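Visitor: First, the structure itself, so that you have it in front of you.
The values are calculated or read from the model by the stated rules, or taken from the named source; none is laboratory data. Because the structure is a prediction, the values reported are computed rather than measured. Glycine gets a Cβ as well: all are built from the backbone with ideal geometry, and neighbour counts include every protein chain shown.
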Amino acid sequence: METLINYLLQFGNLNSHQIELIKSKLVFREIKKEEYYHQAGRIPTEIIFLTEGIMRVCYYNHKGDEITKYFIDENNFLADINSYNLEIPSTEYVQAVTDCKYFMLSKNAMKELSSTIIEWDKIIAKITAKGLADKVNRISPMMTEGAKERYHKFLNNFPAQAERIPLSYLASYLGITQSSLSRIRRASFETKKDQDEEIT
């Protein structure tokens, strides 16, 4: 819980009474690996702050293929902002890649915090802006580069995630088959091995 409070304090000031109010509205939950946190077609009624684990946002294309859009790991908020704000059904699924723990704030709780804490809306606006920017950074680089470059960029940008995400999900995110990803990983390992041998 303190991790969430410290995260909020990066975006604005909160006094002790406001912090206690926020804590009173938080609901702790857990979800097991491969379970779905959110299903497409439902209207989101809460936002969550992930404290442990990785989730993925995915959808089905017109061919019926499941596509991983991006991953979210610890110490990040997760919400389908457009569907949440407009109260319309979401087009995306959210699935736990690993066992996950998170805190939830219901829409009613958010409204109460908004009406009680003067800075709350500004804090949430800043967090939303950061979340949208992070989302663009997670998706955009995948659009214009080759498979090998996409894989290495993911390793460089998200090294902690790479070790914990199943190859099938990572391949879906990179837009390649699992066998292609295995070949890229094997070639990368052999290249690194040759470089290490040259150094020694």
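Visitor: Is one or more of the residues making up segment 138-145 modelled with pLDDT of 85 or more and part of a helix (DSSP H, G or I)?
Guide: Within segment 138-145, the subset modelled with pLDDT of 85 or more is none.
Within segment 138-145, none of the residues are modelled with pLDDT of 85 or more and part of a helix (DSSP H, G or I).
Visitor: Cβ-Cβ under 8 Å, sequence separation 6+ or interchain: first residue in segment 81-104 and within 15 Å of Cys58 (Cα to Cα), partner among the aromatic types (Phe, Trp, Tyr) and not in a strand (DSSP E or B). Which pairs?
Guide: The qualifying pairs are Val97/Tyr169.
Visitor: Taking the options Glu66, Glu149, name whichever one is surrounded by fewer than 19 Cβ atoms within 10 Å (Cβ to Cβ), in the same structural domain as Ile19 (by TED's automatic domain parsing) and not aromatic (Phe, Trp, Tyr). Before you say what the answer is, go through the steps one by one.
Guide: Details: Glu149 fails: in the same structural domain as Ile19 (by TED's automatic domain parsing).
Glu66 is the lone residue from the list that is surrounded by fewer than 19 Cβ atoms within 10 Å (Cβ to Cβ), in the same structural domain as Ile19 (by TED's automatic domain parsing) and not aromatic (Phe, Trp, Tyr).
Visitor: For segment 71-99, which residues satisfy the criterion of being aliphatic (A, V, I, L, M) and under 25 Å from Thr3 (Cα atoms)? Explain how you work it out, then say what you get.
Guide: From segment 71-99, those aliphatic (A, V, I, L, M) are 72, 78-79, 81, 86, 88, 94, 96-97; that's our starting set.
Answer for segment 71-99, where residues must be aliphatic (A, V, I, L, M) and under 25 Å from Thr3 (Cα atoms): Ile72, Leu78, Ala79, Ile81, Val94, Ala96, Val97.
Visitor: Tell me, yes or no, whether segment 105-113 has at least one residue that is at pLDDT 95 or above, more than 26 Å from Ser182 (Cα to Cα), assigned by TED's automatic domain parsing to the domain that holds Gly41 and not in a helix (DSSP H, G or I).
Guide: Checking segment 105-113: at least one residue is at pLDDT 95 or above, more than 26 Å from Ser182 (Cα to Cα), assigned by TED's automatic domain parsing to the domain that holds Gly41 and not in a helix (DSSP H, G or I).
Visitor: Given the conditions (1) in a loop (DSSP other than H, G, I, E, B); (2) touching a residue at least 24 places away in the same chain (Cβ under 8 Å), and given that Tyr169 satisfies all but one, which numbered condition is not satisfied?
Guide: All conditions pass for Tyr169, except number (1).
Visitor: Out of Arg56, Arg42, report the one residue that is surrounded by 12 or more Cβ atoms within 10 Å (Cβ to Cβ) and out of contact with any Phe, Trp or Tyr (no Cβ under 9 Å at 6 or more places or on another chain). Let's see the steps before the verdict.
Guide: Working: Arg56 fails: out of contact with any Phe, Trp or Tyr (no Cβ under 9 Å at 6 or more places or on another chain).
On inspection, the qualifying residue turns out to be Arg42.
Visitor: Right, here's the next one. Considering (1) within 21 Å of Lys135 (Cα to Cα); (2) within 18 Å of the chain's Cα centre (by Cα), say which one Ile31 fails and leave the rest.
Guide: In the conditions (1) within 21 Å of Lys135 (Cα to Cα); (2) within 18 Å of the chain's Cα centre (by Cα), Ile31 misses (1) alone.
Visitor: While we're looking at this one, here's another question. Looking at (1) surrounded by 13 or more Cβ atoms within 10 Å (Cβ to Cβ); (2) closer than 19 Å to Pro166 by Cβ, which one does Glu34 not meet, given that it meets all the others?
Guide: Exception for Glu34: condition (1).
Visitor: Output the residues belonging to segment 75-123 that are buried (at least 19 other Cβ atoms within 10 Å of the Cβ) and aromatic (Phe, Trp, Tyr).
Guide: Phe77, Tyr93, Tyr102, Phe103, Trp120
Visitor: Same structure, new question: Cβ-Cβ below 6 Å, separation at least six or inter-chain, first residue in segment 49-65 and free of Cβ contacts under 8 Å to residues at least 40 places away in the same chain, second part of a strand (DSSP E or B): which pairs?
Guide: Val57/Lys69; Val57/Tyr70; Val57/Val94; Tyr59/Ile67; Tyr60/Glu66; Asn61/Ile67
Per-residue answers, yes or no, for (1) outside any helix (DSSP H, G or I); (2) in contact with a Cys (Cβ under 9 Å, 6 or more places away or on another chain); (3) among the basic types (Lys, Arg):
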residue	(1), (2), (3)
Lys33	yes, yes, yes
Thr51	yes, yes, no
Lys63	yes, no, yes
Thr68	yes, yes, no
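Visitor: Something else: Give me the pairs: first residue in segment 1-22 and closer than 15 Å to Ser114 by Cα and in contact (Cβ under 8 Å) with a residue 24 or more places away in the chain, second residue of a type in the set (Ser, Thr, Tyr) and surrounded by fewer than 15 Cβ atoms within 10 Å (Cβ to Cβ), beta-carbon distance under 9 Å, and six or more apart or on different chains, which are they?
Guide: Taking only residues 6 or more apart or on different chains, the pairs are Gln18/Thr116; Leu21/Thr116.
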